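Accompanying notes for the structure given below.
The values are calculated or read from the model by the stated rules, or taken from the named source; none is laboratory data. In this text, all values refer to a predicted model and were calculated from it rather than measured experimentally. Here Cβ is always computed from backbone atoms with ideal geometry, including for glycine, and neighbour counts include all displayed protein chains.
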Amino acid sequence: MRIGVYFDGFTSAQDIIEVASQAEQAGAEGLWFAQHMGYREAMVMAAAVAGATKTSKLVPTAITPYLWPSLPTAMTLATLSELAPGRIQIAVSVGNLLNLGESGVEAVKPVRVLREYVKNIRALLSGAAVHSQGLIETLRGAHMEFGKGIEIPIYIASTGPLVMKLAGQVGDGILLSAGLTHAYTRRCLDAVQTGAGEAGRDPAAVRKAGFINLSVSEDGKTARAALLRKLAYLFRSRGHSENIKSSNLDIDHQAIIEALSRRDLDGAARLLPEAAATTFGVAGTPAECREQLEAYLAIGLTEPIVEATGTPAERKLVFDLIHELVVR
């Protein structure tokens, strides 16, 4: 099994470097660094981790064209490629609408903007002088002076059907958000397949990665309770409404949103049944988690990407699980 580890940027840079090194030793295929606004910078962290690892792919994730123009992004990718040749990838996305709004940015026509972004980054990395009149970016002969001809896989991150179709049409891979049911994951993968078919591509050629919330403990009940808190925070967004409906669980999404608006995370978590932990994520004993991760592969994901958080003992359980899955 190919399995990756993702970092949300909420812990210190030194902690991320240390955990990334441990993840590679356990057999992690890729190390994914989320660009959460106001937290550790994803592309800087990829550069830092390049010096502490040897083989794992390094993937700055959720880089948005509305804040990171294509030429600076291509420059960063080419620089990273010098630090870790053959190991750099990127996942682009519309970005968090709330965060974009806080920066005074409106995500206009996201499908068109992402299509133009992917095209421009690839053209710049090819060494071409790029002329493009895009919706939010105009290039008048922009070009690279180094790194010409490097190939860097570009994932498109989303759960929206139109962007998923775009990923099937032009992406090297897709990246699904955390907290999705199996049913909603299938829906997203179906949209990718449709997009690939419309573009005359083989859907199997599109890499299919997905963030998966993971909580593992020798006490399965404790692991599930811990994951409910993470899911409650994730469900603060109304964008999860269709995903939550697909679970067929009795969940009052509006009540969760209202509890979190009062900063009552404990109250929001109590609104989720225990079954939500294994419906929207992977939680339980190591054996239970192994079985649940394999279920995600069965529905079409080719690279589950998990988190490795908590105490050193809890992280060790995650790394032991990764190692077992990789060497099987």
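Within the option set P72, P85, P65, being at negative phi and either surrounded by 15 or more Cβ atoms within 10 Å (Cβ to Cβ) or in contact (Cβ under 8 Å) with a residue 40 or more places away in the chain (or both) holds for one residue only, P65. It is to be established whether one or more residues within segment 206-219 are over 17 Å from T181 (Cα atoms), of a type in the set (V, I, T), touching an Asp or Glu at 6+ places or on another chain (Cβ under 8 Å) and not in a loop (DSSP other than H, G, I, E, B). So far as segment 206-219 goes, yes, one or more of its residues are over 17 Å from T181 (Cα atoms), of a type in the set (V, I, T), touching an Asp or Glu at 6+ places or on another chain (Cβ under 8 Å) and not in a loop (DSSP other than H, G, I, E, B).
Scan segment 293-328 for residues that are among the β-branched types (V, I, T) and more than 21 Å from S12 (Cα to Cα) and jot them down. Scanning segment 293-328 gives I299, T302, I322, V326, V327. Looking at this structure, is L214 in contact with a helix residue (DSSP H, G or I) (Cβ under 7 Å, 6 or more places away or on another chain), surrounded by 24 or more Cβ atoms within 10 Å (Cβ to Cβ), over 17 Å from A91 (Cβ atoms) and touching a residue at least 24 places away in the same chain (Cβ under 8 Å)? For L214, the condition - in contact with a helix residue (DSSP H, G or I) (Cβ under 7 Å, 6 or more places away or on another chain), surrounded by 24 or more Cβ atoms within 10 Å (Cβ to Cβ), over 17 Å from A91 (Cβ atoms) and touching a residue at least 24 places away in the same chain (Cβ under 8 Å) - is met.
When the helices (runs of 4 or more DSSP H) confined to segment 236-328 are screened for residues that are more than 18 Å from R187 (Cα to Cα), of a type in the set (S, T, Y) and out of contact with any His (no Cβ under 9 Å at 6 or more places or on another chain), those reaching at least 1 such residues are found at 253-261, 276-279. A count restricted to segment 147-177 and to residues that are among the hydrophobic types (A, V, I, L, M, F, W, C) and either over 14 Å from the mean Cα position of the chain (by Cα) or on the phi > 0 side of the Ramachandran plot (or both) stands at 6. Taken residue by residue, segment 117-134 has no member that is out of contact with any helix residue (DSSP H, G or I) (no Cβ under 8 Å at 6 or more places or on another chain), in contact (Cβ under 8 Å) with a residue 40 or more places away in the chain, over 21 Å from F7 (Cα atoms) and not in a loop (DSSP other than H, G, I, E, B). Filtering segment 170-198 to residues that are surrounded by fewer than 21 Cβ atoms within 10 Å (Cβ to Cβ), part of a helix (DSSP H, G or I) and of a type outside the set (A, V, I, L, M, F, W, C) leaves H182, R186, R187, D190, Q193, T194, G197, E198. Hey, does segment 30-40 have a residue that's buried (at least 22 other Cβ atoms within 10 Å of the Cβ), over 14 Å from the mean Cα position of the chain (by Cα) and in contact (Cβ under 8 Å) with a residue 40 or more places away in the chain? Among the residues of segment 30-40, not one is buried (at least 22 other Cβ atoms within 10 Å of the Cβ), over 14 Å from the mean Cα position of the chain (by Cα) and in contact (Cβ under 8 Å) with a residue 40 or more places away in the chain, which makes the answer no. Return yes when L234 is closer than 21 Å to L214 by Cβ and either at pLDDT 90 or above or of a type in the set (V, I, T) (or both) and no when it is not. Considered against the rule, which asks whether it is closer than 21 Å to L214 by Cβ and either at pLDDT 90 or above or of a type in the set (V, I, T) (or both), L234 comes out as no. Looking only at residues of segment 147-198 that are touching a residue at least 60 places away in the same chain (Cβ under 8 Å) and of a type in the set (S, T, Y), we find that the one that is nearest to V92 (Cα to Cα) is Y155.
Counting only residues that are buried (at least 20 other Cβ atoms within 10 Å of the Cβ), touching a helix residue (DSSP H, G or I) at 6+ places or on another chain (Cβ under 8 Å) and not basic (K, R), segment 199-211 holds 2 of them.
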